Structure formats: C-alpha cells, structure tokens
2 protein chains.
Amino acid sequence: MVTIKDVAEYAGVSVATVSRALNNSGYVGKQSRIKVEEAIKTLGYYPNEVARSLYQKSSKMIGLLLPDISNPYFPLVAKGVEDYAQQNGYMIILGNVEDNIEKEDMYVKFFSQYNISGVLSAATGKKSQNYQVPFVLLDRALEEEDYSIATDDHLGGELAAKAIIESKGKQVVVMAGPKNIAGANDRLSGALGVLNSKGLSYQIFETHSYQVDKAEETAVQLFESTSHFDSVIASNDVYALAVMKEAIKRGYRIPEDIQIIGYDDMLFSRLMYPGLTTIAQPAYELGFQGAKMLVDLIEKNSSEHKKVKLKPKLIMRDSLR
Amino acid sequence: MVTIKDVAEYAGVSVATVSRALNNSGYVGKQSRIKVEEAIKTLGYYPNEVARSLYQKSSKMIGLLLPDISNPYFPLVAKGVEDYAQQNGYMIILGNVEDNIEKEDMYVKFFSQYNISGVLSAATGKKSQNYQVPFVLLDRALEEEDYSIATDDHLGGELAAKAIIESKGKQVVVMAGPKNIAGANDRLSGALGVLNSKGLSYQIFETHSYQVDKAEETAVQLFESTSHFDSVIASNDVYALAVMKEAIKRGYRIPEDIQIIGYDDMLFSRLMYPGLTTIAQPAYELGFQGAKMLVDLIEKNSSEHKKVKLKPKLIMRDSLR
DNA sequence: CCTCAATCTGTAACCGATTACACATTTAGT
DNA sequence: ACTAAATGTGTAATCGGTTACAGATTGAGG
C-alpha cells in the first residue's frame, strides 16, 4: 500500500506538505505542489479513508436503514440514495432491519463504531435516542423536530378514494396499514375523509405489516373476514396484486365485479394484466432528496427544508372501472 | 465518546490490559479482567472499529457490487448476503454499478480506501485486477480460478425448454440475454440443446441488457422483429411479464395463443394473473452462500468449495398450456 | 533455597492520515 | 533599507485502538 509517507519521500517534502496539497488547506509552494502531484501520479497514491476518518471522527459513509429490501419499493429508494451519495463521494452502508428494534439498535451501534457521518432511516422512525449524527427520516417521520422526507400520504389517501368514487365504487374496503407507521394512518385518514364526505359505506381491514410474504395470506383473510364489497383501496401494490389474484381465483372479474387501486406504483404494476391503477409514490425521488438533505446536514449543518412532502400521483390503468 | 483510555483509567489498569481482556489475547489476571468488565459495563464502552481497522488493515465490512438494485432479483440476493453478514458481525457496503465499468472501478477503489475485508460481486465478473482482498463472484463467474456461487444456468435453460416442449410449443422464440454475461449464454445453450435434440424450430431474439426500464420497449421489438411464434422462453421474469402484456395488448390469449416461461421467480410472478410459469433461481440462497464463502475466505483463508452451482427449479403456474 | 518457566502488566511504537505550532523565507509597504 | 505581514515548510502531537518488548511477580521442580 502506498502511504502519504511514501509520497512525501518521493517528492522530497514532508507529509504535512503532502496533506496540505491534497486538501488544499494552508499554504503550499508552487514547486512543492508540482512535485507532490507528480509523486502521487507515479506512485498511484490515494488516501486511506480509515486513517483520515480516525482523526476526523467522521467518515464519508452514510448508513441506510430499510425495513425490508425484498419489498420492491425500497430498492428504488435505495437507488435514489445511492445515486446522490455516489455523486457526492459518500458510500452507503446497508441495514435491513425488518421492523425489528433489536436489529435496528444493533445497526445504529455498528454505524457509530464506524464513525458514520449520517443516517437515513426508513425504519421505525424512532430516531435513536442518544445518537448524535445527522439523521434524516425517510417516509416515516413521527415527531415535529425531525428532519424528514415523505410522500404526502394524506393526499395519497384522498387521491385513491376520489378515484374509487369517480369510478362508481359503492361498497369499499379500505386496507389500513400497520398503525405504528405514521404514513399508513395518514393514508387511511385521507381516504376516509373523502369517503365520509361523500357518504359512502366502507369497511376497514387492518393489516399488521408490510412484509411481502404475508400478502397472499392477508388477501385470503380479506375475503373471509369482510362482507360484500365492490372496491378495494389496498395498502400497497403488492397487497393489491395479492387481492386481485385472490379475487380472480374466487371468480370475480376485475374491474367489473371488484375494482382495486394500489399504492406505490412499482415497476411490475405497469407490466401486469390488468394494469394496476395505483397511487405513485416517488420512491427514487424520495431517496435522492433524502440523501441530499442528509448530505447538506452533514456538510453545512443545515438544510434548506426541514420537512419535505413529495406529492403522490394517480396513475390510471385498468383495475378501476 | 468513551475510549479504551477511559476504561483503563476507570479500571485502574493500562490500555494494553483492557485491549487484551477485550480480545482474549495474551495473559490477563483474574482481578484485572473483572475490573475491566465492570468499567466497560458502567461506562457503556464499545470499541471504535475505525481505530482497530487502521492498525489491522482490515475492517469487518464487505463490499457488495450489484448491477441494478431496482431489478427485483438482486434485493433478494442482497437480503441473503445481509442476513449471513449480520449474523457474523459484518457490515455490508452497497455499490450499484449498473453494468458500468467506471462505476465498478470507482467502488473497488472506495472499498480499498475503507480497508474492506472482502468483496461480493454480481457485476461484470471481471475480477478487478490488482485487488488483493478475498473476492467471491455471484452468479457471473468467468474464469476457472475464481471463487463463485452461481445458479446452474445450463440446467435452467434445459428446464425451460423441456417445459415448453411438454406443453406442446411448436414455434419457439428464445430470448438471449446479454452476451457478455456468462450465465445468459449457458441458459441459451441449455435451451437450444434441448430444442435441437427435439428438432423444434426456434428463433433467437437478443436483448442487450437486463435493465428493467428497457423491458417494455424490448417486448415491442420482439413482436415486430420476429415471425410468427407460439412460445417464448424469456430471459427473466420482468421480460416475461412485458412480453405477456404486449401479447395481450395485441389480442393474443395466454397461454392458448402464446405461452411464456420466465426466469428467476420473483415474488410478483406468483401474484400476477395468469400466474407466470418460471424457472426459480435461489436468489436468497445465492446471496447467503456467497456471503458464507466470502467470510470463510476472509477468516480461514479457505473455503470448502471453490465453485458452487445451485440448482434452479421449474415452478409450474398458468402461463404454459 | 535456587532457577527457570509461566503468568501479568505497563510503556511505547505503530497503523496513516490531519493539523497546531514554530521557524524560515518572501513580499509588501513606507 | 527596515519592519511587518504573508507565505511556505517541517516536527511532533493526535485520533483510538493493537501488540512487541521488557520488567515484575508467581509457581514449580530439583
């Protein structure tokens, strides 16, 4: 490994001068700068971030906490984060926490062991207590003082309910996501507000997680534990898909007998048949903006906005009448 | 931040003794050990990995290079990797390289700046030249001497072709994945071998990437650039879906007019209608085993197996007659 | 009781960077 | 030409750990 010492020797200057040249800090003579640059080039030197990080007590790494990478929504978020991070010289460390507080705590501890410079979390939203680095919540902000980027879920819920009403839904089932997730509640209240104002009858069906592997099971329960309905506002696209499939299996036609609207707009929602009408969440944008906010917080100790709400959007396809 | 020095002071011993107690290396007296343990507990100390890593020239981080996180296959692999890594105290650093050599090189450089202890790569397969850490290739091994875990793609191709034959396909289109990806070629040769041995007529349709956003476009091209066919062996499930959708849009019935078999078995393949018959790749298992091989290489400098081939499996659903 | 090995423990060097500080050399201003 | 400020550079401390080495203590064997 080529170290700063090797460069210094080769260039005939001290390590301090090399470091100053490298970081454009302090004064560096013209001659020295040239010699250092040559030495760096011929030796193929690049600095060891671990050493730098030890002294600075901060590294160019950010931690990304995700509730479930196998849920196709989050990889898109991750991609947004990754793109912004990479453009700005940050690495991302991945933590898949599965709505498991212990795993989350473990990761947060790992992160601080590695002098991570900031955390992006789409997990519980419980901003880890005594944790001092910049922290941006993705999608699941709880308290007023948090920095966060989220989709305007209340609006999303309204959009979904309006779409159902426009297409003449009469007996609606609203799937409510896990109560401990703020966004799920907003979605529910948005939808319910619209439904109430139009005086439509509806039933609420609660789901207790967003875990993908529960989807089929949940769809079966939906049909067995609710009375007749002609419209479903699903808690996400995966669930919408599972419900659609179960509906077809039970002999219903879509959208004639049962119409369904999803939430998220995953890539496959577009590719399936019938195409799923859904509320698009700007997942990539969420990750990208979140990373931007975090990097601003890290580097300038401030961010233009504190709470950003991105607008969801209705994507009309074929699962509504 | 609580440092080893604080612990030493509190316990009334030297930092060397604390370090030895921590790592169970060298001799540590009974009394000292107890005092150190108490100090650690009351101060809530945990070691800084950056400092450790600087001296050891190796950290408990592994790099994971993925070609495209938004392709739903890879998050599953990532989850397998993450689970094994986490169980063994490793962190994973994510690199989304998008089949872009420059990005890959950039990440490899980043990795070495952070004293990463090993790399798992599902990217180009071009094991980065002068890179000295343990390296395990996921899915895309090229050369004989590499360590790798892959799915037996040749078998996968055979399975797909056999399934098509069983369900009376006559005019088959075989979608060939990118030529520079070893697995894609194996799949193709496996399928072609079976097709040839049965004397079936087929056309080959080449696709140039696995990027998700190309899928719809590619499906259109497929219909426009090939002559009549009744069966499609798709290069993956996303493409299969896109082709199915395009087929239905053009008035074909599935599986009556055109039957389709996919590759991967993504979670939504099960949830869609008609259910996609496909060749299941053990994505999670691939990641998990890959991580295991890498950790063995890191810690014991050897691994039980050098090249592991996992078996793909036919999943019968409704897109074949 | 003596000797040698085994057990403990602390001091200090080291890993590869950054930077405070001191000192030397220019340059500028009068 | 003389002083003060600006510029350039190296030495050494520092970040928080690990470990080689040396010295001290204990125990076993003869």
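The values are calculated or read from the model by the stated rules, or taken from the named source; none is laboratory data. All values derive from a computational prediction rather than experimental measurement. All Cβ positions, even for glycine, are placed from backbone atoms using ideal geometry, and neighbour counts span all protein chains on display. Heads up: the accessible areas ignore ligands, DNA and RNA and are worked out on the full protein's heavy atoms, side chains in. Shrake-Rupley method; radii C 1.70, N 1.55, O 1.52, S 1.80 Å.
Counting the residues of the stretch A:81-97 that are within 17 Å of B:PRO67 (Cβ to Cβ), touching a residue at least 60 places away in the same chain (Cβ under 8 Å) and open to solvent by less than 10 Å² (accessible area, probe 1.4 Å) gives 1. Within the stretch B:240-291, the set of residues being farther than 20 Å from B:ALA184 by Cβ, open to solvent by less than 30 Å² (accessible area, probe 1.4 Å) and either free of Cβ contacts under 8 Å to residues at least 12 places away in the same chain or charged (D, E, K, R) (or both) comprises B:GLU246, B:LEU271. Kindly indicate whether any position in the stretch B:211-224 is more than 26 Å from the chain's Cα centre (by Cα), within 20 Å of B:ARG321 (Cβ to Cβ) and open to solvent by less than 30 Å² (accessible area, probe 1.4 Å). Yes, because at least one residue in the stretch B:211-224 is more than 26 Å from the chain's Cα centre (by Cα), within 20 Å of B:ARG321 (Cβ to Cβ) and open to solvent by less than 30 Å² (accessible area, probe 1.4 Å). Criterion first (in a helix (DSSP H, G or I) and either aliphatic (A, V, I, L, M) or more than 17 Å from B:SER59 (Cα to Cα) (or both)) does A:LEU120 satisfy it? Against the criterion (in a helix (DSSP H, G or I) and either aliphatic (A, V, I, L, M) or more than 17 Å from B:SER59 (Cα to Cα) (or both)), A:LEU120 does not qualify.
Considering each residue of the stretch A:12-34 in turn, none proves to be away from chain B (no Cβ under 12 Å), farther than 30 Å from A:ASP296 by Cα and more than 12 Å from DNA strand D (Cβ to nearest atom). The condition of being modelled with pLDDT of 90 or more and closer than 30 Å to A:LEU297 by Cα holds for only one of A:LEU142, A:LEU155, A:LEU195, A:LEU159, that being A:LEU155. Just so you know, in the stretch B:105-124 the residues that are among the hydrophobic types (A, V, I, L, M, F, W, C) and open to solvent by 20 Å² or more (accessible area, probe 1.4 Å) include one that is farthest from the other protein chains (Cβ to nearest Cβ), and it is B:MET106.
The residue that is farthest from DNA strand C (Cβ to nearest atom), counting only those in the stretch B:1-23 that are part of a helix (DSSP H, G or I) and either of a type in the set (S, T, N, Q) or touching a Gly at 6+ places or on another chain (Cβ under 8 Å) (or both), is B:ASN23. Within the stretch B:11-22, the residues that satisfy the criterion of being surrounded by fewer than 20 Cβ atoms within 10 Å (Cβ to Cβ) and within 23 Å of A:LYS57 (Cα to Cα) are B:VAL15, B:ALA16, B:SER19, B:LEU22. Among the residues of the stretch B:38-78, those that are acidic (Asp, Glu) and under 18 Å from B:MET1 (Cα atoms) comprise B:GLU38, B:GLU49. Right, B:LEU54: within 8 Å of another protein chain (Cβ to nearest Cβ), modelled with pLDDT of 95 or more and more than 11 Å from DNA strand D (Cβ to nearest atom) or not? No: the conditions fail for B:LEU54.
Every test in (1) over 18 Å from A:TYR202 (Cα atoms); (2) under 23 Å from the mean Cα position of the chain (by Cα) is passed by A:ILE248 save one, and that test is (2). Taking every residue in the stretch A:191-220 that is within 13 Å of another protein chain (Cβ to nearest Cβ) and pairing it with any residue that is in a helix (DSSP H, G or I) and of a type in the set (Phe, Trp, Tyr), at least 6 positions away or on another chain, the pairs with Cβ-Cβ distances below 6 Å are A:ALA215/A:TYR239. Residue check, B:ASN71 against (1) of a type outside the set (Gly, Ala, Ser); (2) part of a loop (DSSP other than H, G, I, E, B); (3) open to solvent by less than 30 Å² (accessible area, probe 1.4 Å); (4) closer than 27 Å to A:ASP105 by Cα, all met but one. Which one? Unmet for B:ASN71, out of (1) of a type outside the set (Gly, Ala, Ser); (2) part of a loop (DSSP other than H, G, I, E, B); (3) open to solvent by less than 30 Å² (accessible area, probe 1.4 Å); (4) closer than 27 Å to A:ASP105 by Cα: (4).
The condition of being part of a loop (DSSP other than H, G, I, E, B), more than 14 Å from every other protein chain (Cβ to nearest Cβ) and buried (at least 21 other Cβ atoms within 10 Å of the Cβ) holds for only one of A:SER303, A:SER227, A:SER319, A:SER235, that being A:SER235.
Across the stretch B:24-54, which residue is surrounded by the fewest Cβ atoms within 10 Å (Cβ to Cβ) among those that are more than 11 Å from DNA strand C (Cβ to nearest atom) and not in a loop (DSSP other than H, G, I, E, B)? Only one residue fits best here, namely B:LYS41. Taking first residues from the stretch A:26-38 that are assigned by TED's automatic domain parsing to the domain that holds A:GLU9 and partners that are more than 10 Å from DNA strand C (Cβ to nearest atom) and open to solvent by 40 Å² or more (accessible area, probe 1.4 Å), the Cβ contacts under 8 Å between residues at least 6 apart in sequence or on separate chains come to A:LYS35/A:GLY12.
Is the stretch B:84-103 home to any residue that is assigned to a helix (DSSP H, G or I), hydroxyl-bearing (Ser, Thr, Tyr) and farther than 22 Å from A:TYR73 by Cβ? Yes - at least one qualifying residue is present in the stretch B:84-103. Taking the stretch A:67-104 as the range and being within 15 Å of A:GLY290 (Cα to Cα), more than 8 Å from chain B (Cβ to nearest Cβ) and among the aliphatic types (A, V, I, L, M) as the test, the residues that pass are A:VAL77, A:VAL81, A:ALA85. Condition check for B:GLU38 on (1) closer than 27 Å to B:TYR284 by Cα; (2) away from DNA strand D (no atom under 16 Å from the Cβ): one failure, at (1).
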